[in-house]
1. Is it true that some residue in the range 50-60 is modelled with pLDDT of 95 or more, surrounded by 13 or more Cβ atoms within 10 Å (Cβ to Cβ), farther than 13 Å from residue 137 by Cβ and touching a helix residue (DSSP H, G or I) at 6+ places or on another chain (Cβ under 7 Å)?
2. Could we say that residue 83 is closer than 13 Å to residue 120 by Cα, at pLDDT 85 or above and surrounded by 13 or more Cβ atoms within 10 Å (Cβ to Cβ) here?
3. Determine if the range 121-135 includes at least one residue that is surrounded by fewer than 17 Cβ atoms within 10 Å (Cβ to Cβ), part of a loop (DSSP other than H, G, I, E, B), out of contact with any helix residue (DSSP H, G or I) (no Cβ under 7 Å at 6 or more places or on another chain) and touching a residue at least 40 places away in the same chain (Cβ under 8 Å).
4. Which numbered condition in (1) closer than 13 Å to residue 48 by Cβ; (2) touching a helix residue (DSSP H, G or I) at 6+ places or on another chain (Cβ under 8 Å); (3) buried (at least 20 other Cβ atoms within 10 Å of the Cβ) is the only one that residue 143 fails?
5. Go through (1) without any contact (Cβ under 8 Å) to a residue 12 or more places away in the chain; (2) in contact with a helix residue (DSSP H, G or I) (Cβ under 8 Å, 6 or more places away or on another chain) and name the single condition residue 81 misses.
């Protein structure tokens, strides 16, 4: 039997996975941030979301690209099947784009995790926000760090 491990997401919450076998392939599925992260109560967030191929970040309370200059925030912007997009995000353009966003959501109780123990792509983000309802989006254009 061929054993292949496929991770939908790599997360330190080891109890947040289920295992399936399909065509003799073992698949490990992450149940998702909504079920597996301890969250603070919902609130309204206003900030800047930067979306890049293979990476992204959320900067709380930022309003413009100038506000991002000296910030070292490392917060993952998490959406899932339950997220409501009252205001849709533009389609990805495969370069770094920045958006001023407003949303109702939650932030993790633990927002300072170490790399490989964190959130998002490759578990590299120290913190995470979960979007329940995206209510405002303004395109700020291309972002270059």
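1. Taking every residue of the range 50-60 in turn, at least one turns out to be modelled with pLDDT of 95 or more, surrounded by 13 or more Cβ atoms within 10 Å (Cβ to Cβ), farther than 13 Å from residue 137 by Cβ and touching a helix residue (DSSP H, G or I) at 6+ places or on another chain (Cβ under 7 Å).
2. On the way: closer than 13 Å to residue 120 by Cα: no; at pLDDT 85 or above: yes; surrounded by 13 or more Cβ atoms within 10 Å (Cβ to Cβ): yes.
Spelling it out, it is not the case that residue 83 is closer than 13 Å to residue 120 by Cα, at pLDDT 85 or above and surrounded by 13 or more Cβ atoms within 10 Å (Cβ to Cβ).
3. Scanning the range 121-135, I find no residue that is surrounded by fewer than 17 Cβ atoms within 10 Å (Cβ to Cβ), part of a loop (DSSP other than H, G, I, E, B), out of contact with any helix residue (DSSP H, G or I) (no Cβ under 7 Å at 6 or more places or on another chain) and touching a residue at least 40 places away in the same chain (Cβ under 8 Å), so the answer is no.
4. Answer for residue 143: the failing condition is (3).
5. (2)
Table: residues versus (1) farther than 16 Å from residue 58 by Cα; (2) assigned to a strand (DSSP E or B); (3) in contact with a helix residue (DSSP H, G or I) (Cβ under 6 Å, 6 or more places away or on another chain).
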position	(1), (2), (3)
89	no, no, no
94	yes, no, no
105	no, yes, no
113	no, no, no
116	yes, no, yes
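The values are calculated or read from the model by the stated rules, or taken from the named source; none is laboratory data. Small disclaimer: the values here were computed from a predicted structure and weren't measured. Counting neighbours? That spans all protein chains shown, and the Cβs are built from the backbone with ideal geometry, glycine included.
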